[in-house]
Each structure stands twice: as C-alpha cells, then as structure tokens.
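Participant: Pasting a structure here, questions to come.
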Amino acid sequence: MKLSDIENFEAIAQTGSIRAAAKLRGLTSPALTQCVARLENELHVALVVRTTRGAVLTEYGIAFLRRAQLITSEVRRASEEIGQMLSSQGGSVSIGTSATPATMLLPDVLAQFRRDRPGVQVQLSEGLFHAHLSRLREGKMDIAVGPVPAVGLDSDVLVEPLFENDLIIACGLQNPLRVATSLADLQEAEWIGTGPFEQGPGAAIADAFREHGLPVPRMMVRSESMAAIYTLLMRTDLICALPRATIQGEPLCRALCAIPVVEILPHYTISLFRLADSPLLPAARHLATLLHRHAHYVTQAMSKKQKQKLLNSADSELG
C-alpha cells in the first residue's frame with residue numbers, strides 16, 4: 001500500500017469529487033481512479049462510489065478514512081519530530097482547552113513556553129473534551145486540557161490529572177437572582193448550559209440539582225463559546241455554572257459575581273489528555289511538562305487560600 005495512494009484517497013474524501021481531488025493532487029482523473037482501484041484490490045472492498053453528486057465513500061471507505069488520516073498524520077508528525085530534534089526553535093504544537101485551564105494555567109504556561117521555544121507556533125482551540133477527541137484521533141491536535149467524564153475516556157486516550165476545580169453559579173452584577181441563597185431559589189431561572197450533555201462535564205449543575213432532589217432546570221441557551229456566555233451573563237438575567245477561577249480575575253470580577261447558594265456544588269478534575277499510543281513531539285512534550293508543573297503551583301496556591309479562609313473564619317468566630 002503506497003502512501004501516495006492513501007493521500008489521494010484522502011483528497012477524494014476531502015473534496016467529494018474525483019475531478020476536484022485529481023486537480024488538488026496534480027493528477028489526471030484516470031490516474032486518481034487507478035489509485036483507488038489499487039487500494040480496493042488490496043483491501044478487497046469498494047471504498048468509493050461515483051454518483052451524480054460526486055464521489056461518495058462506502059461504509060468501508062469511511063472506516064478506512066479514519067485509519068488513513070492516522071497514517072498520514074503519523075508520517076507528518078515523524079517528519080516534524082526530526083525537525084524539532086534538529087532545532088528546538090521551529091515547528092508547531094496544537095492544544096485544546098476548556099475555560100478553567102485557559103484562565104488558570106495557560107497564561108503562565110504559554111509565557112514560559114514562549115521563552116523556552118520562541119520559534120514554535122502554538123495553535124489554541126477552545127471547547128470541552130468531546131470537541132477535542134476527534135482532532136486528537138485525527139492527529140490534528142497534540143494535547144488537550146479540561147474536565148473529562150467521571151467514567152473516563154476510551155482506552156486509546158491517556159488521561160493525566162492536573163488539579164481539582166470547583167464550581168460557582170455566576171450572574172451579572174445587576175441580576176435580581178444575585179442574592180439567592182439556595183438552588184431551590186433558582187429552579188425557575190433561565191440557565192446557560194456549557195455543553196450538549198445531560199450528565200458530566202458541561203452539565204454539572206444538572207447533577208447538583210439531582211443530588212439535592214430538585215428538578216433539573218431547563219437550559220434556555222447552550223453554548224461552548226465562553227466569550228458568548230460571559231456577554232450573555234453581563235447583559236441578560238441568564239445564569240450559568242462556571243469554574244470559580246473564571247470570575248475571580250480581571251476583567252470579569254468587575255462584571256460578574258457568584259450567587260451565594262448554601263449547597264456544595266460539584267467539583268471535578270482538570271486533566272491533560274492525549275492519544276495513548278502516539279508519542280508526543282518534543283515541543284508538545286515540553287508544553288505538557290509545563291502544564292504539569294504549573295498545575296502543581298496552582299494546587300499549592302489554592303491550598304494556601306483555603307487555609308487562609310479557614311483561619312479568617314476562625315478569627316471571625318473568636319472575635
């Protein structure tokens with residue numbers, strides 16, 4: 001099986017047309033058709049069907065495409081790895097992140113990474129774990145950071161815990177619900193959901209309502225764009241469960257506040273996750289090391305804040 005035939009097959013899947021794929025690859029349509037025929041002869045199945053709408057992958061073609069993308073990705077990564085070994089000042093690294101590590105880890109991590117490897121380009125994508133898994137598996141993303149389901153991920157994904165994070169219920173400073181003191185007070189509120197899930201990351205507030213025997217609130221808006229969520233919270237009476245860290249720093253601390261409910265809300269683990277059987281390139285490996293190192297600093301800082309909070313509380317009671 002030739003790598004060029006695999007790349008030609010990917011071009012067909014990308015364009016949906018033999019003619020367009022041939023143009024993309026600098027070949028004639030008959031030559032590209034012969035490439036597909038060679039692959040089909042080797043695999044003993046039909047991969048592509050030509051229709052009036054163009055070239056459509058069969059179910060075997062769809063399955064083969066997933067493997068083909070991994071093959072071409074690993075070849076590209078092998079070439080890039082050699083390049084990074086020869087020079088630490090080139091190449092690129094792609095990382096996916098959710099809101100919490102984007103706020104608590106990445107500013108310091110990327111500042112250090114830029115000092116260590118100024119010539120490496122960093123590609124950053126925002127979202128929850130489900131948005132990153134496909135890109136990891138396709139070889140288009142090196143590592144991702146964020147919460148994962150309590151049951152874990154599939155065996156092909158390696159999960160490395162970084163630190164624990166807790167939730168608050170956030171709202172705008174003018175929201176009438178900012179003085180609510182319990183989840184029961186928020187049952188009729190209009191909520192923003194941070195993911196398409198009914199359980200686990202992105203639906204933690206639903207889990208909290210269930211745990212306290214309350215009906216799950218209706219999500220009026222679902223968004224994975226944190227910029228959109230922040231804007232909606234500031235300009236409407238919508239509320240949303242967010243990581244505490246997201247509203248503690250500038251500038252959001254001036255526009256959003258935490259609703260002081262008495263119930264303890266879920267906490268979850270922020271983890272680094274990547275493909276288990278695909279070694280990280282040098283730049284990505286260094287970035288992963290920095291993420292672990294700064295996560296340790298974050299854990300220490302949160303521990304100190306918690307101890308100080310307990311001391312302040314004790315002093316208040318004694319006073």
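The values are calculated or read from the model by the stated rules, or taken from the named source; none is laboratory data. Everything quoted here is computed from the prediction, not taken from an experiment. Glycine gets a Cβ as well: all are built from the backbone with ideal geometry, and neighbour counts include every protein chain shown.
Participant: Condition first: under 22 Å from the mean Cα position of the chain (by Cα), at pLDDT below 90, on the phi < 0 side of the Ramachandran plot and not basic (Lys, Arg). Can you find one or more residues in region 81-89 that meet it?
Facilitator: Among the residues of region 81-89, not one is under 22 Å from the mean Cα position of the chain (by Cα), at pLDDT below 90, on the phi < 0 side of the Ramachandran plot and not basic (Lys, Arg), which makes the answer no.
Here's the yes/no breakdown for (1) assigned to a helix (DSSP H, G or I); (2) basic (Lys, Arg):
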position	(1), (2)
ARG19	yes, yes
LEU27	no, no
ALA31	yes, no
VAL36	yes, no
GLU40	yes, no
ALA55	no, no
ARG66	yes, yes
SER73	yes, no
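Participant: Name the single residue, out of those in region 259-277 being among the β-branched types (Val, Ile, Thr) and in a loop (DSSP other than H, G, I, E, B), that is surrounded by the fewest Cβ atoms within 10 Å (Cβ to Cβ).
Facilitator: My answer is VAL262.
Participant: Moving to a separate point now. Which of the residues that make up region 42-53 are exposed (fewer than 12 other Cβ atoms within 10 Å of the Cβ) and either among the acidic types (Asp, Glu) or part of a helix (DSSP H, G or I) (or both)?
Facilitator: GLU42
Participant: Further question: Starting from residues that are on the phi > 0 side of the Ramachandran plot, in contact (Cβ under 8 Å) with a residue 60 or more places away in the chain and out of contact with any Lys or Arg (no Cβ under 7 Å at 6 or more places or on another chain), keep the ones in region 113-153 and report whichever is surrounded by the most Cβ atoms within 10 Å (Cβ to Cβ).
Facilitator: GLY146
Participant: Condition first: within 30 Å of ALA13 (Cβ to Cβ), at pLDDT 85 or above and β-branched (Val, Ile, Thr). Can you find one or more residues in region 146-153 that meet it?
Facilitator: Within region 146-153 (the criterion being within 30 Å of ALA13 (Cβ to Cβ), at pLDDT 85 or above and β-branched (Val, Ile, Thr)), the answer is no, since none of the residues qualifies.
Participant: A follow-up question, please. Scan (1) touching a strand residue (DSSP E or B) at 6+ places or on another chain (Cβ under 7 Å); (2) within 25 Å of MET226 (Cα to Cα); (3) surrounded by fewer than 21 Cβ atoms within 10 Å (Cβ to Cβ) for the single condition LEU158 breaks and write down its number.
Facilitator: In the conditions (1) touching a strand residue (DSSP E or B) at 6+ places or on another chain (Cβ under 7 Å); (2) within 25 Å of MET226 (Cα to Cα); (3) surrounded by fewer than 21 Cβ atoms within 10 Å (Cβ to Cβ), LEU158 misses (2) alone.
Participant: Going through LEU291, LEU280 one at a time, which residue ends up being within 22 Å of LEU106 (Cα to Cα), in a loop (DSSP other than H, G, I, E, B) and among the hydrophobic types (A, V, I, L, M, F, W, C)?
Facilitator: LEU280
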